[in-house]
Amino acid sequence: MTWERVRLGELGTWYGGGTPSKSMPEYWSDGDIPWLSPKDMRSEVLAGTQDHVTAAAVLGSSTKLVPAGSIAVVTRSGILDRTLPVAYVPFATTMNQDMKALVPRTGVDARWVAWGIRAFERELLRGTRKSGTTVASIEMPRFHAFELPVPPLEEQQRILLTLEDRLSGLDTAEGYVGMAQRRQETLRTAILRNELARVAQRALPLARVITAGLSNGRSVPTLEGGFPVLRLTSIRAGRIDLRERKPGAWTATDAARYLVRKGDFMIARGNGSIRLVGLGGLVSEDPDVVAYPDTLIRAQPNETIINPEFLALVWNSRVVREQIERVARTSAGIYKVNQSDLNGISVPVPSLADQRQIVQAVTASNEVLERLATQIGQARARAVSLRRSLLRAAFSGQLLDSRPHNP
């Protein structure tokens, strides 16, 4: 039987969201109606929301009640630079303006649509994500025009049964990989803590260990052939990967004050994940001409006080990360830190001699841990590839159990 191809916009009723005024306590106080926002989109099936509104908010504001059994999609958030969050919502909910929800029509299983969006995530992001905006967002007319293969309801449900069974086994395997990664991170943290515990040290705010004030980069649209500018993704394992760049719509003269220099320490100003906001990377080699963007903040370590390699080491450790995550604030799904936040972050500062010894000791230990990290990364990559293959098979009718049953 040939599967019908149906536009996402025609699969049911789509709902938008809104934020009731925070200045009106009657919209929020003692609310018991779920209010969904991007921060809640952490699982494939939602169990609840962090925030709730009142019935007065539904009646008196732009937020509307979406019936139970919908699927929710994030349509505006920095996370759209990497992934397209979608979840099944088994309860009635309201939501904010960064979300859309679909209540499928008769003959369409909501889970089929949710898995379909995941299966075609890369195509959807490539074809519907707006470019040149401050916060990544989805262009809804293009999103609604995307066609999803839709078999008869009975076949949808049979395929879903097989797909979810196989993905459940994969989830279990990924859980073991995640456990190994957490243990590795715990060991890495313990090694640094032990090294720090054996030496005398002072706790100094970041502002005291840099030579000049922190400096934000500049927002630059992409322009083929333009002057190069780093991407936020250039921060990798405490280093700046100078290959992670794009051509920008500015001249060498425009970029002059933002040129990257060896010894610069770049800090991520914002990220969709709280675990990544504020991460730092050291420019450890002489760069060619390249500038840094507004998503990065430059710090220049004072080498009479702090070894740049030591700063990179402790900055990305839990010793400092816990402070950063406490001061980070979220807006439109993006966690952010500013110069004032960062200047007050406390950094442990032993003597320069002790710093060098700690760097040597931790680096030696990290070489072993990096080999483990490589193996973990390979296992994760295999899991991602297998998940994509399963989804592709499901939505092309190629899962073994998706063949029609004989009566």
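Only the coordinates and a few stated rules stand behind these numbers; no lab work does. Only a predicted model underlies this, so the values are computations on that prediction, with no experimental measurement involved. In this analysis, Cβ positions are derived from the backbone assuming ideal geometry, glycine residues included, and neighbour counts consider all displayed protein chains.
Compute the acute angle (0 to 90°) between the alpha-carbon long axis of helix 153-197 and the principal axis of greatest extent of the alpha-carbon atoms of the chain; round to the nearest 10°.
With rounding to tens, the tilt is 10 degrees.
Only Lys, Arg, Asp and Glu count, each charged at its Cβ (+1, +1, -1, -1), so figure out the dipole size of the chain about its Cα centre, rounded to 20 debye.
Numbers: 52 positive and 41 negative charges, 127 e Å.
With Lys and Arg at +1 and Asp and Glu at -1, about 620 debye.
Counting each DSSP H run of 4 or more residues in the chain as -39500 (n - 2.57), what helix-only mean residue ellipticity at 222 nm follows after dividing by all residues, to the nearest 500 deg cm²/dmol?
Values: 10 runs with 145 residues, N = 407.
Calculated from helices alone, the mean residue ellipticity at 222 nm is -11500 deg cm²/dmol.
Using 0.36 nm per residue, how much length does the chain from Ala145 to Arg202 gain when fully extended, once their Cα-Cα distance is taken away?
Details: separation 57, 0.36 × 57 = 20.52 nm, distance 5.92 nm.
Length gained, Ala145 through Arg202: 14.6 nm.
Go through the stretch 134-240 and name the trypsin sites (Lys or Arg not before Pro) that are in a DSSP coil and have 14 or fewer other Cβ atoms within 10 Å of their Cβ. Write down the numbers at each step before the final one.
On the way: sites: Arg142, Arg158, Arg166, Arg182, Arg183, Arg188, Arg193, Arg198, Arg202, Arg208, Arg218, Arg231, Arg236, Arg239; in loops: Arg198, Arg231.
Here the sparse-neighbourhood loop sites are Arg198.
If neighbour count is taken as other Cβ atoms inside 10 Å, put Thr211, Thr93, Thr19, Thr330 in order from fewest to most. Intermediate results must be reported in sequence, preceding the final value.
Values: Thr211 12, Thr93 28, Thr19 19, Thr330 15.
In increasing order of surrounding Cβ atoms, one gets Thr211, Thr330, Thr19, Thr93.
Please work out how much length the chain gains when fully extended from Glu224 to Arg382, using 0.36 nm per residue of separation minus the C-alpha to C-alpha distance, in nm with one decimal.
Values: separation 158, 0.36 × 158 = 56.88 nm, distance 3.38 nm.
Length gained, Glu224 through Arg382: 53.5 nm.
Filter the trypsin sites (Lys or Arg not before Pro) in the stretch 10-85 to those in DSSP coil with at most 16 other Cβ atoms within 10 Å of their Cβ, and list the result.
Details: sites: Lys22, Lys39, Arg42, Lys64, Arg76, Arg82; in loops: Lys22, Arg42, Lys64, Arg82.
Within the stretch 10-85, the qualifying trypsin sites (Lys or Arg not before Pro) (loop, at most 16 other Cβ atoms within 10 Å) are Lys22, Arg42, Lys64, Arg82.
Along the Cα-to-Cβ line of Arg329, 7 Å from the Cα, sits a label point; which residues in the stretch 6-34 have backbone N less than 16 Å from it?
22-23
For helix 110-119, report the angle its Cα long axis makes with the longest principal axis of the Cα atoms of the chain; keep it between 0 and 90° and round to the nearest 10°.
40 degrees
Could you tell me how far the Cα centroid of the stretch 20-70 sits from the Cα centroid of the stretch 169-216, in Å?
36 Å
List the residues of the stretch 50-71 whose backbone N lies under 18 Å from a point placed 7 Å from the Cα of Ser43 along the Cα-to-Cβ direction.
Backbone N within reach: 50-52, 68-71.
State the extension gain, in nm to one decimal, for the chain segment bounded by Lys64 and Ala212, taking 0.36 nm per residue of separation less the distance between their alpha-carbons. If you can, show how the numbers build up before the last one.
Details: separation 148, 0.36 × 148 = 53.28 nm, distance 4.97 nm.
Full extension of this stretch gives 48.3 nm more.
Tell me the label only: which of (1) 23.5; (2) 25.7; (3) 27.6 is mean projected area of the Cα convex hull in nm² as calculated from this structure?
(1)
What distance in nm separates the two pseudo spin-label positions at Thr363 and Ser168, each 7 Å out from Cα along the beta-carbon direction?
5.0 nm
What angle do you read, to the nearest 10 degrees and between 0 and 90, between the alpha-carbon axis of helix 318-327 and the longest principal axis of the chain?
Tilt of helix 318-327: around 60 degrees.
Using DSSP to define loop residues, name the trypsin sites (Lys or Arg not before Pro) in the stretch 315-407 whose beta-carbon has at most 10 other beta-carbon atoms within 10 Å. Each step should come with its number before you reach the end.
Working: sites: Arg318, Arg321, Arg326, Arg329, Lys336, Arg356, Arg371, Arg380, Arg382, Arg387, Arg388, Arg392; in loops: none.
Hits after loop and neighbour filter: nothing returned.
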